[in-house]
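Heads up, the thing below is written out as structure tokens.
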Ligand code: NAD
Ligand code: DAU
């Protein structure tokens with residue numbers, strides 16, 4: 001670490017290995033970094049390219065001379081170690097994960113494998129190469145479900161409710177334990193729901209927008225009043241960049257959008273935006289709303305208190321939910337080629353089979 005002109009400590013960020021850099025948030029982070037004039041380092045994008053990984057997400061947004069893609073599994077210790085050694089990596093930013101709650105309910109095995117064993121292997125590499133700093137990207141879901149008031153802080157107890165959130169909680173605990181026991185250099189962040197361009201259309205916002213554009217049912221789980229705290233994905237990328245540069249080693253930071261919305265009111269907003277952007281009739285779109293059986297164990301409410309990262313590192317989100325949602329809807333309207341490529345018939349069959357109309 002060196003010290004900046006303001007006295008805040010700053011890490012050397014010369015050679016970053018980004019796991020999951022072809023996914024939704026990892027690719028936003030890579031695009032974001034290559035836009036930063038004060039980032040002069042190299043990035044190795046280390047991604048297995050599962051159904052959720054797509055190299056189109058970084059196409060045209062990287063400086064080829066400072067970028068390399070490696071298709072490999074984070075569970076493969078030897079390849080990860082060799083890549084870190086060959087590329088002289090000083091920082092790992094760990095996004096790679098299975099990330100969709102519904103999939104974790106139907107098939108938890110991949111979640112334990114990637115999120116728990118994969119993170120364990122990342123930590124083993126850092127234990128072997130202790131000059132590397134690891135930033136672990138995690139979720140607010142590890143804290144469980146809130147009642148009508150309050151927000152998760154960094155000291156909220158862990159109460160994960162889905163196989164996904166339990167696997168992320170396990171990974172957080174491993175990161176903490178490796179820092180405590182072996183003294184490896186870590187930071188970690190727990191973020192709320194992200195939205196924005198390039199999100200795989202199994203998640204609520206892109207799924208609803210695309211279904212509206214195609215006149216398909218809009219499947220609302222349960223009563224539609226589960227609350228999420230929405231953050232534009234580039235703001236998450238900026239928060240991670242702040243933590244990487246100046247976050248205290250060994251600390252965790254919560255990142256939220258200060259934008260709590262229940263699913264049904266969120267859907268109404270999306271309907272308004274799609275109607276105004278495409279000229280479709282608002283009432284026709286509303287008639288597509290279809291209540292379906294609830295997600296098992298569905299968390300009722302998340303809200304994140306970001307005051308620590310705001311006070312310590314000066315984090316301020318740049319997008320509010322009104323402009324962010326409109327930008328996102330426009331992106332999905334304008335990027336049909338991307339949508340066609342990431343979609344598979346298999347996913348649609350899976351969705352229809354598991355979330356039948358009530
Ligand atoms: P995503 O599903 O869009 O992308 C995951 C990426 O990881 C894909 O590119 C995939 O190919 C890659 N990957 C999966 N298994 C791998 C393996 N074994 N080895 C190497 N690469 C592998 O996920 P996302 O939404 O971008 O989430 C990224 C991270 O942020 C995750 O750790 C997630 O838990 C966390 N997070 C997500 C959100 C959200 O709202 N999406 C919010 C908070 C935290
Ligand atoms: O809170 C952070 C988490 O946000 C991340 O850690 C996860 O990786 C990410 O997937 C997201 O999890 P959620 O379960 O909150 O997101 P999802 O988009 O799957 O669902 C958002 C809400 O919408 C949730 O209450 C379930 C509901 N939903 C979702 C889908 C896909 C529906 O009502 N209908 C749907 O078809």
Q.
Just want to confirm a number: the relative contact order over the chain, from Cα pairs under 8 angstrom separated by 6+ residues, in percent.
A. 17
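Relative contact order (percent) for the stretch 1-158, with alpha-carbon contacts under 8 angstrom and 6 or more residues of separation?
22
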Q: Could you tell me how many degrees, from 0 to 90 and to the nearest 10, lie between the Cα long axis of helix 345-354 and the main elongation axis, the longest principal axis, of the Cα atoms of the chain?
A: 70
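Nearest 0.05, what FRET efficiency do residue 311 and residue 149 give at R0 = 22 Å with Cβ-Cβ as r?
On the way: r = 22 Å, r/R0 = 0.99.
According to the calculation, E is roughly 0.50.
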**Q.** For the stretch 1-138, alpha-carbon Rg relative to the globular expectation (2.2 N^0.38 Å, N residues)
**A.** 1.06
Q. For the stretch 138-254, what Kirkwood radius comes out of the mean inverse Cα-Cα distance, in Å?
A. 16.2
Q: Calculate how many DSSP beta bridges within the stretch 1-157 are antiparallel, expressed in % of all such bridges and rounded to the nearest 5.
A: 10
Q | Inter-label distance for residue 128 and residue 281, nm, one decimal - labels placed 7 Å from Cα along Cα-to-Cβ | A | 6.4
Q) Given the stretch 145-297, what percent of its DSSP beta bridges are antiparallel, to the nearest 5? A) 20
Q) Okay, helix-only estimate at 222 nm for the chain: each DSSP H run of n ≥ 4 adds -39500 (n - 2.57), divide by all residues, round to 500 deg cm²/dmol; what do you get? A) -12000 deg cm²/dmol
Q: Grab the beta carbon distance between residue 294 and residue 249, set R0 = 45 Å, and tell me the FRET efficiency rounded to 0.05.
A: 0.65
Q. Using alpha carbons only, how many degrees (0 to 90, rounded to 10) separate the axis of helix 119-128 from the longest principal axis of the chain?
A. 10
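Quote the relative contact order of the stretch 245-310 in percent (integer), defining contacts as alpha-carbon pairs under 8 Å separated by 6+ residues.
The normalised contact order for the stretch 245-310 reaches 58 percent.
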Q.
Nearest 10 degrees is fine. How inclined is helix 24-35 to the longest principal axis of the chain, computing both from alpha carbons?
A. 60
Q | Gaussian network model of the chain, Cα within-10 Å springs - most flexible of 74, 105, 205 | A | 105
**Q.** Orientation-averaged projected area, Cα convex hull of the stretch 241-285 (nm²)
**A.** 5.2
Q: Take the alpha-carbon centre of the stretch 24-42, take the same for the stretch 120-162, and report the distance between them in whole Å.
A: 22
Q.
Given points 7 Å out from each Cα along the Cα-Cβ axis, report the residue 341 to residue 68 separation in nanometres with one decimal.
A. 2.4
Q: Could I get the Rg over Rh figure for the chain? Both from C-alpha atoms, Rh via Kirkwood, rounded to two places.
A: 0.95
(Q) Starting from the Kirkwood Rh over alpha-carbon pairs, what translational D in µm² s⁻¹ does the stretch 11-52 have by Stokes-Einstein at 4 °C and 1.567 mPa s? (A) 121
Q.
If packing is taken as the average number of other Cβ atoms within 10 Å across a peptide's residues, how do 231-240, 37-46, 300-309 rank, most packed first?
A. 231-240, 300-309, 37-46
Q | Most mobile listed residue (97, 262, 22) in the chain, GNM with C-alpha springs under 10 Å | A | 262
Q: Along Cα→Cβ, 7 Å out, is where each label goes; now give me the distance between the ones at residue 109 and residue 333 in nm to one decimal.
A: 4.4
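Coordinate-derived values only; no laboratory data. None of these values were measured; they are calculated from a predicted model. When we count neighbours, we look across all protein chains shown, and the Cβ atoms used for this are built from the backbone with ideal geometry, even at glycine.
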